1. Which option, (1) 9.6; (2) 7.9; (3) 19.6, is the value of mean projected area of the Cα convex hull in nm² that was calculated from these coordinates?
2. Which ³J(HN,Hα) values in Hz, rounded to whole numbers, follow from the phi angles of the range 28-35 under the Karplus curve 6.51 cos²θ - 1.76 cosθ + 1.60, where θ = phi - 60° and Gly and Pro get x?
3. Rounded to the nearest Å, what's the spacing between the alpha carbon centres of the range 97-130 and the range 7-39? Just the number, please.
4. Starting from the Cα of Asp38, step 7 Å along the direction of its Cβ; do the same at Ser23; then give the gap between the two resulting points in nm.
5. In debye to the nearest 20, how big a dipole does the chain give about its Cα centre with +1 on each Lys and Arg Cβ and -1 on each Asp and Glu Cβ?
6. Return one whole number: the accessible area per residue of the chain in Å², for a 1.4 Å probe.
7. Could you tell me what percent of the accessible area of the chain is made up of carbon and sulfur, with a 1.4 Å probe and every protein chain present?
8. By how many nm would the segment from Phe82 to Glu127 lengthen if fully extended, with 0.36 nm per residue of separation less the alpha-carbon distance?
Amino acid sequence: MNVWNESTAALNNLSARYFVDLSEVYAAGYSADHVTIDIYYSSAGVTVSPLTAYDAANRIYYFELDWGNYALAPGGRIEANFSIHLNGWQPAWNPANDWSYQGFSSSYTNTSYIPIYRAGTLIYGLEPDG
């Protein structure tokens, strides 16, 4: 995932939320406790929240990737490469129904389905109906 700063000022306190629908995980007998995220690379030192319920009744959760006080310069970008999977790489999770996976292809894709926040306030993108 790449986050670009298209403003004319440096931005800090940025985070992104990656939303997942875990209905198929629960249907297979697993729960949110079995889902994990691995960060393989981050250009600016990202921290990741535990999986957080957004709409527990509909099994919608998110991971928040937080770049803290890192100042993203105008025209600059920050990057995080990650993998979301079940512990032990069990095959029950399928990203196809995930809010944040919409429109993904094998190449770079602009998306509004991975919302970006500044100091906790939504500044870009869309959240799922919850």
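1. Correct label, based on the coordinates given: (2).
2. Per-residue couplings from phi come out as 8, x, 9, 9, 4, 5, 8, 9 Hz.
3. Here the answer is 11 Å between Cα centres.
4. Once both label points are built, they end up 2.9 nm from each other.
5. Numbers: 4 positive and 12 negative charges, 53 e Å.
Its charge dipole is roughly 260 debye.
6. Numbers: 7080 Å² over 130 residues.
Averaged over the residues of the chain, the accessible area is 54 Å².
7. The nonpolar share, carbon plus sulfur, comes to 49 percent.
8. Details: separation 45, 0.36 × 45 = 16.20 nm, distance 2.01 nm.
That pair, Phe82 and Glu127, stretches by 14.2 nm at full extension.
The values are calculated or read from the model by the stated rules, or taken from the named source; none is laboratory data. None of these values were measured; they are calculated from a predicted model. Cβ sites come from the backbone with ideal geometry, for glycine too, and all protein chains shown count toward neighbours. Ligands, DNA and RNA are stripped out before the accessible areas are found, and what is left, the full protein with its side chains, is counted by its heavy atoms. Shrake-Rupley method; radii C 1.70, N 1.55, O 1.52, S 1.80 Å.
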